[in-house]
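Written out below as structure tokens is the structure these notes cover.
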Amino acid sequence: YGGIYREVWLEYTHSVFVRNMQLKTLQAENDTRRVNADVYIDNAQGVKGDFMLRFELAGRDGVTAVHEQPVRLSGVAEEKFTVLFDAGDVALWSLNQPNLYTLAVKLVGGDGPVDEYTARFGFRNARFTPDGFYLNGERIKLCGLNRHQSYPYVGYAMPGSAQRRDAEILKRELGVNLVRTSHYPQSKHFLDRCDELGLLVFEEIPGWQHIGEGDWKQNAVRSVEEMVAA
């Protein structure tokens, strides 16, 4: 189970580029949907100056929102910019209608675009209460199974097609609406297919059957952070 068992790639970037983007979806008082984007800029060479973050949100039926936000790089190696904007006319993600949207952000300098980063997500409200789980205000009875990404003879080293097929079996053949993953960062192919099919995912913390102190807790927090950010 050790070693490199997934795809590996090399990215060639500008000296300033978008390293990651974390998205949260918000619901305003008038029921309009908003996007809260934390954009992480890698600036190892200490570039200073004015740039523009240009956002474009698009779904199956086309572009729903465009937003521009001026930012100023101070020269530190890593900077985070938080941007909030209206999403426009978007549809919610649900078990039967898993509507997904792609948000593209371009980092634009004085000479034009410098870098582009995209992320795909859905608009939904999920919450647990004493009387059950609610998705978009509707009480849902959760019915799920546990899933490992291990295969006979080859361990974890299976291609994206096999990972996606597991999600399809869970949703279409076994009829579950939630999958619990164990106990490590799952294949992105599997998680993306769950989003596309309308399958909820409870992704387990890395580790199994041990709770320790000090170093163990710090390592657990770091592992969760890396799993979420990957």
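What does the convex hull of the Cα atoms come to per residue for segment 39-122, in Å³?
On the way: hull volume 8.0 nm³, N = 84.
Spread over its residues, the Cα hull of segment 39-122 gives 95 Å³ apiece.
Using only the alpha carbons of segment 164-230, determine the length spanned along each of the three principal axes and report them from longest to shortest in whole angstroms.
So the three principal-axis extents are 43, 23, 14 Å.
With an 8 Å cut-off on Cα pairs and a minimum separation of 6 or more residues, tell me the relative contact order of the chain in percent.
Result for the chain is 15 percent.
Return the Rg/Rh ratio of segment 13-72 with Cα-based radii and a Kirkwood Rh.
Values: Rg = 14.3 Å, Rh = 13.7 Å.
Using Cα coordinates only, the ratio equals 1.05.
Which order do 53, 145 take by accessible area at a 1.4 Å probe, largest first? Let's see the in-between values first.
Numbers: 53 0, 145 80 Å².
Descending accessible area places them as 145, 53.
Bin by bin, in steps of 10 Å, what percent of the Cα pairs in the chain do you find, going until the bin that has the longest distance?
Each 10 Å bin holds this share of Cα pairs: 6, 25, 32, 27, 10, 1.
With Cβ to Cβ distances under 15 Å as the rule, what net charge do the other residues near residue 94 carry (K, R +1; D, E -1)?
Here the charged neighbours net out to +4.
Provide the FRET efficiency to the nearest 0.05 for the residue 220-residue 111 pair, computing r from the beta carbons and using R0 = 45 Å. All intermediate terms of the calculation are to be shown ahead of the outcome.
Numbers: r = 44 Å, r/R0 = 0.98.
Once the sixth-power term is evaluated, E becomes 0.55.
Taking all protein chains together and a probe of 1.4 Å, list 121, 202 from the most accessible to the least accessible. Display every interim value, and only then the final one.
Numbers: 121 25, 202 100 Å².
The ranking, largest first, comes out as 202, 121.
Per DSSP H run of n ≥ 4, the term is -39500 (n - 2.57); total these for the chain, divide by its residue number, and report the mean residue ellipticity at 222 nm rounded to 500 deg cm²/dmol.
-4500 deg cm²/dmol
For the chain, what proportion of DSSP beta bridges, expressed in % and rounded to the nearest 5, is antiparallel?
Given both bridge residues lie in the chain, the antiparallel proportion sits at roughly 85 percent.
Roughly how much of residue 191 is accessible, in Å² to the nearest 10, using a 1.4 Å probe?
My reading of the accessible area for residue 191 is about 40 Å².
Taking the Cβ of residue 133 as the centre, find all other residues whose Cβ is under 10 Å away and add up their charges (Lys, Arg: +1; Asp, Glu: -1).
It works out to a net charge of +1.
Explain nothing, just compute: Karplus ³J(HN,Hα) = 6.51 cos²θ - 1.76 cosθ + 1.60, θ = phi - 60°, for every residue of segment 34-43 in order, whole Hz, x for Gly and Pro.
Whole-Hz 3J(HN,Hα) from phi for segment 34-43: 10, 10, 10, 10, 9, 9, 9, 9, 8, 9.
Mind listing which chymotrypsin sites (Phe, Trp or Tyr not before Pro) in segment 1-78 are in a DSSP loop and have 16 or fewer other Cβ atoms within 10 Å?
Answer in residue order: 1, 5, 9, 12.
All other residues with a Cβ under 10 Å from the Cβ of residue 120 taken together, and with Lys, Arg as +1 and Asp, Glu as -1, what is their net charge? Numbers along the way, then the final one.
Numbers: positive: none; negative: 192, 195, 196.
Net of charged neighbours comes to -3.
The values are calculated or read from the model by the stated rules, or taken from the named source; none is laboratory data. Here the structure is a predicted model, which is why all the values come from computation and not from measurement. Every residue, glycine among them, receives a Cβ derived from its backbone with ideal geometry; neighbour counts consider all protein chains shown. These accessible areas exclude ligands, DNA and RNA; they are computed on the full protein's heavy atoms, side chains included. Shrake-Rupley method; radii C 1.70, N 1.55, O 1.52, S 1.80 Å.
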